[in-house]
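A quick write-up on the structure given underneath.
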Amino acid sequence: MDTVEKANLERQRKWAKVKKVGEGAYAVVYQGREVATGRKVAIKKIKVGQFKDGLDMSAVREVKYLRELHHQNVIELLDVFSSKTNLNLVLEWLEADLEKIIKDRSLVFLPSDIKSWAVMTFRGLEFCHRNFVLHRDLKPNNLLIAADGQLKIADFGLARDFADPGYKMTCQVITLWYRPPELLFGSRHYSSAVDIWSVGCIFAELMLRTPYLPGESDIDQLKTIFRALGTPTEDDWPGHTKLPDYMPVGQFPKMPLRDLFTAATADCLNLLSKCLIYEPRKRVSARDALHHPYFFALPNPTHPSKLPKISTQASSHPHEDTDGNVEMDELGPGVRALPPNKLKRKLSSADEGRRPLARRLDFSQSSLGSP
Amino acid sequence: MALATQQPNGDDEPSTKPAHKRSIYEASTQYRHWRYSPEQLAQTRASLNAAAVSAIRITIEAESPGSSSNVTFLNADEERLLVKLYVSKITQLCGHFRFPEDVEATAASYLKRFYLKNTVMDWHPKNVMLTALFLATKTCNHPISLDEYTSHIPNTSPSDVLDLEFLIAQSLGFEFAVWHPHRALWGLWLDVQSLEDFPKEGITEIYDTALSHIRASRLTDAELIFAPSQIALACLALSSPTLAAAWARSKSSENVLPILESIQEMITRDGSPPNVEAVRDVDRRLKLCKNPEKVVGSKAYLAKKDQEEKAAAEKRARKAEEVRKTMEESDPFGEALTGKHGDEAVDVAGLDDDD
């Protein structure tokens, strides 16, 4: 047998499929495990044999980018192997996605929870953009949640490198509700700002618990956007009426975001509005978003491990999540209130009690200090 | 950019530097898996060649004992010469299809990387080149349909291209992203235009000459040894030594200049297509020493297919037996309450079936 085939077989033997967990048009997803360690993984089997042109573009893109991108907030591609005419991607196992969490009406989101998901999304996206990769399909069900609460950007099937200036790209990307107006107007030259618009929509959805801009067609999507944010003027967005597919869809007045997002802080709405600026060049970058005052103001982002989890997993402890948050709040002052002599007497237990707080501080530092 | 620190070394892993201090290039699969010292490169090729020769000798002997002593196998340098010829053919094809430079450069890298894992005696570079180029159109986001692709290439059917796609993807370790010197040169070019002593005349010639050296470098091992930025600066230095030195000064990276000399030397020495007569001789000998197992219809090929078919049949039979056993062993009335072992076993056996 050839060396290359042998190496492939060795890779294949490292992973075992356990059960089928999903089937799509071109791929089957299995729950699997690493044979040596028992570690749970997801195996995405892409049927290549059925494609006339061989490996298809979404598989190529996914493999190309995930092979290069390694970050806490980007899904980890652990291995790739082939079996007959199938391509198998071994991915880290992720319990849930943000869409499921948003839709779970039994969960209560605290402002600190929303901030935590937002900062993890921006950190992952900043890393992609720093590596010159546009994701082009950000939406809540592509933001997966690990067992430890970490959010991971997934599904790079539509991703591509930043194009050189002057090079055309397709505008048929990003799921409609999360698609920015420049793509709806047919812009063939665009930037990382398209992903930021999507994050803005997701950010709003986390607060509203329902999609923010749910249009029914391309034109209706524009109307929905303009109804929410006001029809852009030439001042707001110079040159937009010259875009290839521009069409007037009616004049709508600007509504203050405050009217809809009644509970949000001023910092929060300021960041949201910067993600949803019409002029793509003025829209906030992922890097600048991470330096936004919202992420420095109280409350600190919830530690990922304390974030709400979908209730089917927590069924044995129905209030596990709120308990987590409450416990945090109690521990904070509790540690501070410890008299020094108690610390001396029961050093080990006091240390244990302090750990969650220390972790919490670490998290806010690492997320803000080094985006 | 840490130009001076990017000396070739054999580290598989990107050192122990903390993640946030590592440059983006250092985190790439190219930096981690596809950089060699000249010695490692020679060693890799020599051992690959030796292993191939001994394997093929055994196959030939099995077909007709004693016959392998008449065969002169290709050595590593001859293999390399043949691959080089087909790297130069990529340029011709890309010109024909008007593919962008990224596609051409990526296909060349794929072809060179492929032959660090395989031998031309198993896989002829002509076929590998065609598939590598087709794969590169996809990984560089410039896909064309397979039918259109093969209709422009004489004596090539879609299956000729597709049959090798998996093998090539595997050989590349599914690492499709490649960092190219021509991109780095473009970056340098934007940089040097803001230098004070940027010349006023002849600037187009400087860039075009540098780019032609970049293209020549694709015929060499440079990309397997040096960083793309180093190669780009070396090509700029071949075109305008003063401008390259001025750029290095402006970045306080003059210590990179000595490294450039060996790159320049390599490009000047190896950067032209091989002598066709010499390659023709290699190709003629390849016909006699290629692995019979890979020649469709040969005795060894049929024997190997037969063997594979037998193994597959055994595997199927084993699976069917497992399924039958679990069906028999699990009592349809008794086990549901205690556990689902039976179901799972059936499931597992069924899962691999379509693999």
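The values are calculated or read from the model by the stated rules, or taken from the named source; none is laboratory data. Please read all numbers here as calculations on a predicted model, not as lab measurements. We place every Cβ from the backbone using ideal geometry, glycine too, and count neighbours over all the protein chains shown. The protein model used for the area step is the full one, side chains on, heavy atoms only, and it has no ligands, DNA or RNA in it. Shrake-Rupley method; radii C 1.70, N 1.55, O 1.52, S 1.80 Å.
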Two-site FRET efficiency, B:S67 against B:T204, from Cβ-Cβ distance with R₀ of 56 Å, rounded to 0.05: 0.40
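Can you tell me which of B:270-279, A:107-116 comes out highest on packing, and rank the rest after it, using the mean Cβ neighbours within 10 Å?
On the way: B:270-279: 14.1, A:107-116: 18.9.
The peptides rank, most packed first, as A:107-116, B:270-279.
If B:K319, A:K45 are ordered by their accessible area, calculated over protein heavy atoms with a 1.4 Å probe, which sequence runs from highest to lowest? Walk me through the intermediate numbers first.
Values: B:K319 35, A:K45 5 Å².
Reading off the accessible areas and sorting them downward yields B:K319, A:K45.
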Let me know the mean shielding of A:50-57 by other chains, meaning the per-residue number of their Cβ atoms within 10 Å of its Cβ. 6
Compute a Gaussian network model of chain B, connecting alpha carbons closer than 10 Å, and tell me which residue from B:R269, B:R80, B:R218 fluctuates the most. B:R269
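At 1.4 Å probe radius, can you tell me the per residue accessible area of the stretch B:173-296 in Å²? It would help to have the intermediate numbers written out before the result.
On the way: 5820 Å² over 124 residues.
Spelled out: the 1.4 Å probe surface of the stretch B:173-296, per residue, equals 47 Å².
So which of A:K40/A:K282; A:K152/B:K251; B:K84/B:K310; B:K126/B:K305; A:K40/B:K294 end up more than 32 Å apart by C-alpha?
Details: A:K40/A:K282 43 Å; A:K152/B:K251 37 Å; B:K84/B:K310 39 Å; B:K126/B:K305 24 Å; A:K40/B:K294 39 Å.
Cα-Cα > 32 Å for A:K40/A:K282; A:K152/B:K251; B:K84/B:K310; A:K40/B:K294; rest within.
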Can you pull the mean other chain C-beta count within 10 Å for peptide B:132-140? 3
Alpha-carbon centroids, the stretch A:258-300 and the stretch A:31-55: separation in whole Å: 39
Residue-wise, which Karplus ³J(HN,Hα) couplings in Hz belong to the stretch A:284-296, taking 6.51 cos²θ - 1.76 cosθ + 1.60, θ = phi - 60°, and x for glycine or proline? 5, 8, 4, 5, 5, 4, 5, 9, 6, x, 3, 7, 9
Name the long-range amide H neighbours of B:N291: under 5 Å, sequence gap of 5 or more, or other chain; modelled H, no Pro or chain starts. B:D122
Summarise the accessible area of the stretch A:96-295 (1.4 Å probe, protein heavy atoms) by the percent that is carbon and sulfur. 56
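Per-residue counts of other Cβ atoms within 10 Å, averaged by peptide: what ranking do you get for A:138-145, B:122-129, A:258-265, B:197-204, highest first? Could the numbers behind the result be given before it?
Working: A:138-145: 22.9, B:122-129: 19.6, A:258-265: 12.2, B:197-204: 10.2.
Highest mean packing first, the order is A:138-145, B:122-129, A:258-265, B:197-204.
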Between 0 and 90 degrees, rounded to the nearest ten: what's the tilt of helix B:341-351 against the longest Cα principal axis of chain B? 50
What do you get for the angle between helix B:203-217 and the principal long axis of chain B? Use alpha-carbon atoms, 0 to 90 degrees, nearest ten. 30
Highest GNM mean-square fluctuation among B:T106, B:T131, B:T59, for chain B with Cα springs under 10 Å, belongs to B:T59
Taking amide hydrogens as modeled 1.01 Å from N in the peptide plane, which residues meet the under 5 Å criterion relative to A:V18, leaving out close sequence neighbours? A:Q31, A:G32, A:R33
Looking at the stretch A:80-120, residues buried by 40 Å² or more relative to their chain on its own, accessible surface at probe 1.4 Å, turn out to be A:S82, A:K84
For the stretch A:160-173, Karplus-derived ³J(HN,Hα) couplings (6.51, -1.76, 1.60; θ = phi - 60°; whole Hz; x for glycine and proline) come out as 7, 6, 3, 7, 5, x, x, 8, 7, 10, 6, 9, 8, 9
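Give me the percent of accessible area attributable to carbon and sulfur for chain B, probe 1.4 angstrom. Write down the numbers at each step before the final one.
Working: 9650 of 17870 Å².
Of the solvent-accessible surface of chain B, carbon and sulfur hold 54 percent.
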GNM on chain B, Cα springs under 10 Å; top mean-square fluctuation among B:L288, B:L236, B:L172 goes to B:L288
The B/A contact buries a total accessible area, at probe radius 1.4 Å and rounded to the nearest 100 Å², of 3300
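Got the relative contact order for the stretch A:12-92 handy, in percent, Cα pairs under 8 Å and 6 or more residues apart?
Numbers: 135 pairs, mean separation 21.1, N = 81.
Dividing the mean separation by the residue count of the stretch A:12-92 yields 26 percent.
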Per its Cα gyration tensor (rounded if a/c is under 1.5, else prolate when a/b beats b/c, else oblate), the stretch A:21-178 is best filed as oblate
5 angstrom amide H check on A:D97, placed H, neighbours 5+ away: A:I145
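How do A:K309, B:K305 rank by accessible surface area computed with a 1.4 Å probe, from largest to smallest? Show your work: numbers first, answer last.
On the way: A:K309 55, B:K305 95 Å².
From most exposed to least exposed: B:K305, A:K309.
Using a 10 Å cut-off on Cβ to Cβ distances, tally the other chain neighbours for every residue of B:167-180 and report the average as a whole number.
That average works out to 6.
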Accessible surface, per residue, of the stretch A:1-125 when the full set of protein chains is kept, probe 1.4 Å, Å²: 40
Quick one: helix B:38-63 against the long Cα principal axis of chain B, what's the angle to the nearest 10°, folded into 0 to 90? 30
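Could you order peptides B:94-102, A:196-204 by the average number of other Cβ atoms within 10 Å of their residues, highest first?
Working: B:94-102: 15.2, A:196-204: 25.1.
Per-residue mean Cβ counts within 10 Å order the peptides as A:196-204, B:94-102.
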